Every structure is written in structure tokens, then in C-alpha cells.
1. So in the range 39-80, with the set limited to residues that are modelled with pLDDT of 75 or more and either farther than 30 Å from Ala116 by Cβ or not in a loop (DSSP other than H, G, I, E, B) (or both), which one is most open to solvent (accessible area, probe 1.4 Å)?
2. Residue under question is Lys239, and the condition is that it be at pLDDT below 80 and not in a helix (DSSP H, G or I); does it hold?
3. Among the residues of the range 173-184, write down those that are at pLDDT 75 or above and open to solvent by 50 Å² or more (accessible area, probe 1.4 Å).
4. Name every residue in the range 81-91 that is crowded, with 18+ Cβ neighbours inside 10 Å and of a type in the set (D, E, K, R), in order of residue number.
5. Cβ contacts < 9 Å: first residue without any contact (Cβ under 8 Å) to a residue 60 or more places away in the chain, restricted to the range 84-98; second residue among the hydrophobic types (A, V, I, L, M, F, W, C) and open to solvent by 10 Å² or more (accessible area, probe 1.4 Å), any location; separation 6+ or different chain. Result?
6. Scan the range 209-230 and report the pairs whose first residue is among the aromatic types (Phe, Trp, Tyr) and whose second residue is part of a loop (DSSP other than H, G, I, E, B), with Cβ atoms within less than 7 Å and a gap of 6+ or a chain change.
Amino acid sequence: KSADGDVVIYLLREGSDGDSTIIINVPVEPVLRAYIEDFESIQRDGPSACWDLLYDLADPPDIDLREHGKRAKVIVGDSTEISGELLFASNDVLLLWQGDKPFAWDDKGAGIKPVAPRDINQIKISTGTSFWRALGFGAGGGFFLGLGGISWLDELDEDSEDPKNFTFRQYATVMGITTGIGLVGGAVYGAARGSEDEYDVWFDLAKYDRHLKKVRKKCLFRKAPPPEFRDYYDPGVRK
């Protein structure tokens, strides 16, 4: 703190022509501190930083953050398997979180596993879509389709010159047909979809690039990595 009560921040910039000195008033300091310390919670839980107080010290970050990353198994070499939560994927590195608890800033160094794309044979990502889950969605969709069909038939019947007054048995038949169609559709989808997405890389960076966008969508950080991840980049893989 300066003699007049302001807070002076010195930013040391690597690779730049000079450092920066920023002076902020005392009420802003705890807001900026809280934003830095609680960045992950701010991004996940919805509350935003007080940008008006922070002025140009902090812009909304270019980091798209999910609640959790998908679980993945990465096969490197011939058969070595590395499992964890997908944190971030780029041309340089694939980061997995292997901690016992959900990823958090204060223990980030305890469970991050970097994998070089050039070492990857295959990536298997859990989708959470099991056969039985797909079956349940199919049955539910068929049931609601049946309700809509019955409503539509009733409207047509009321507007006709010779109403048929459908019986309960006829309604049940319509519901049975649509639910059955939904079950079949769910079974086909569940069998075809499976519970995992598999991406064959075969130690080929070009193949890794083709799958990168799909893999990144399932990471905890989907756009840009936090600066704290810089230590895990492998500059020898690709620039």
C-alpha cells in the first residue's frame, strides 16, 4: 500500500519490453483479490466479477468452463492406460485431472497428468449414454408421442360429422404402439452409440488434430487454458 492509502500492483511481464505498474484504490483491492482467488467458482456458479469496480484490470476471460470434464482413458504407447477427467486439450498437450476430488485451484498440482499428443494411441471418452439409459429415453419419448397422438385423434374426432368416441382399449393401443416404437428406437440408438466415444490417433498428430475439436468440447476448460497450466506445455511437440 502506498502512503496515501492506494494499492500499487506491479505486473512482471515475461518477454515484453517492460513491466506495468497499476494503482487502484482500497475498496477495489478485495474485489480483485476475491476474483483471482475464486475464479473457478465464479465461472462455474454463475456470479460474475464486479467488472465496473475492476475497470480495465480484468476483462471477462476467454475461458469456457464446464461444471466437470468428461472421464477419459488415454492409451499411450502399446497398452499403457492413463485415466482421468479431461481438463484441457490443445496441439501441445492433453491434460487429465487424476485427483480424488473435483479439480480446484488450491490443489491443482496434485493430480494433473500431462500427455503429449505424439505419444497417444487412442482416446476413449465416457459419454454417459448407456444402453438402458437410451432405452428409457426412447420409452419416455414414445409415451409422450402417444399422448400427443391421442390428443390429435380426439380433436379430429370432435370435428368430424360422425364422432367415433374412441374407447380406452383403442387409446391403450395407440400408447402401446408409440411406446414400442420409442423402445426400439432407444435400443437401436443405445447399441449404436455405446457408452464411450473412441478416437484412434495412432501417434499421428494430423489425426489428433482432426479429433481435437470434439475432444476439447468435453474438457473442463474448452477454449483457453488458465495461465497456471503453462508449466505443463511441451514446447517440443508443436508450436
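The values are calculated or read from the model by the stated rules, or taken from the named source; none is laboratory data. These numbers were taken from a predicted model, which means no experiment stands behind them. Cβ sites come from the backbone with ideal geometry, for glycine too, and all protein chains shown count toward neighbours. All accessible areas refer to the heavy atoms of the entire protein, side chains included, with ligands and DNA or RNA removed. Shrake-Rupley method; radii C 1.70, N 1.55, O 1.52, S 1.80 Å.
1. Taking the range 39-80 as the starting set, the residues that turn out to be modelled with pLDDT of 75 or more are 64-80.
Next cut, either farther than 30 Å from Ala116 by Cβ or not in a loop (DSSP other than H, G, I, E, B) (or both) only: 65, 71-76, 80.
Details: Leu65: 23, Arg71: 130, Ala72: 4, Lys73: 81, Val74: 0, Ile75: 27, Val76: 23, Thr80: 81 Å².
So, considering only residues that are modelled with pLDDT of 75 or more and either farther than 30 Å from Ala116 by Cβ or not in a loop (DSSP other than H, G, I, E, B) (or both), the one most open to solvent (accessible area, probe 1.4 Å) is Arg71.
2. Values: at pLDDT below 80: yes; not in a helix (DSSP H, G or I): yes.
Considered against the rule, which asks whether it is at pLDDT below 80 and not in a helix (DSSP H, G or I), Lys239 comes out as yes.
3. Thr173, Ile177, Ile181
4. Hit for the range 81-91 is Glu85, nothing else.
5. Gly84/Ile112; Leu96/Ile82; Leu96/Ile112; Gln98/Ile82; Gln98/Ala110; Gln98/Ile112
6. Listed pairs, sorted by first residue: Phe221/Ile63.
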